[in-house]
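Reading through the structure tokens given below for one structure.
The values are calculated or read from the model by the stated rules, or taken from the named source; none is laboratory data. Predicted, not measured: the structure shown is a model, and the values here were computed from it. Positions of Cβ are backbone-derived with ideal geometry, glycine not excepted, and every protein chain shown enters the neighbour counts. Surface areas here come from the heavy atoms of the whole protein model, side chains and all, with no ligands, DNA or RNA. Shrake-Rupley method; radii C 1.70, N 1.55, O 1.52, S 1.80 Å.
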Amino acid sequence: MTDEIQQHLAEVRDQIAAATAKAGRAADAVTLVAVSKTHGAERVRPALQAGQCVFGENRVQEAKAKWPELKAEFPGRELHLIGPLQTNKVREAVALFDVIESVDRPSLAEALAKEMGKQNRHPVCFVQINTGTEPQKAGVLPDEADAFIEDCLERWKLPVTGLMCIPPVGVDPAPHFKLLGEIAARHGLAHLSMGMSDDFEIAIAMGATHVRVGTAIFGKRDYPASGH
Ligand SMILES: *Cc1c(COP(=O)(O)O)cnc(C)c1O
């Protein structure tokens with residue numbers, strides 16, 4: 001199992017390196033966020049041992065059960081929240097995560113700003129955009145994105161440095177990646193978290209700085225996780 005996860009991780013890293021080179025981008029332009037949701041610490045450890053630095057989880061409770069111990073064992077690793085964040089979990093999220101990729105509404109932005117002040121801990125924030133305008137999906141609607149991003153930066157002074165999207169299933173993701181890049185450019189945001197196991201190479205060609213890859217590293221999940 002250890003060998004398998006480490007081998008898959010090496011393959012994904014090779015694919016990222018190849019896609020990055022093909023796009024004429026710098027070798028360190030893309031960060032791999034290894035999505036470890038639903039996988040226990042015993043499956044995450046081999047990836048940590050192989051030197052993987054950045055991980056993604058989509059549920060605060062699950063991350064809280066798994067990561068304090070792993071972080072103590074492997075200091076300096078970076079944890080991203082990639083799933084919807086309920087306002088009543090903001091305190092735990094600010095304490096645990098280094099990057100919160102799913103900022104998607106004013107009440108959450110305001111609660112995050114307040115909590116960051118209280119804890120004097122300032123995880124980097126990405127704004128999640130619902131590029132496909134899907135009713136069941138989290139994220140700010142494209143029409144509302146500019147005003148919301150501006151409020152995050154100016155009104156709540158959140159450390160927003162990028163955007164995240166999850167394109168609809170079964171469609172060409174390219175227009176969604178393009179739209180995310182256009183919105184980020186309007187606000188001078190440097191980071192684009194886009195691309196998952198099935199489409200990270202396309203995302204890299206279109207400017208992704210963070211790709212969130214779960215299945216291709218850890219294998220199929222035993223139960224579906226919320227958020228995707
Ligand atoms: C689960 C998840 C991923 C990883 O998806 P895979 O297809 O397993 O690579 C990426 N982003 C988000 C937001 C997710 O919830």
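A compact table of results
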quantity: Filter pass, Ser193 being open to solvent by 20 Å² or more (accessible area, probe 1.4 Å), among the small types (Gly, Ala, Ser) and within 13 Å of the ligand (Cβ to nearest atom); calculated: no
quantity: For Thr20: the one exception among (1) within 22 Å of Leu158 (Cβ to Cβ); (2) open to solvent by less than 40 Å² (accessible area, probe 1.4 Å); calculated: (1)
quantity: Count of residues meeting criterion [assigned to a loop (DSSP other than H, G, I, E, B), open to solvent by 10 Å² or more (accessible area, probe 1.4 Å), on the phi < 0 side of the Ramachandran plot and within 14 Å of the ligand (Cβ to nearest atom)] in segment 25-38; calculated: 1
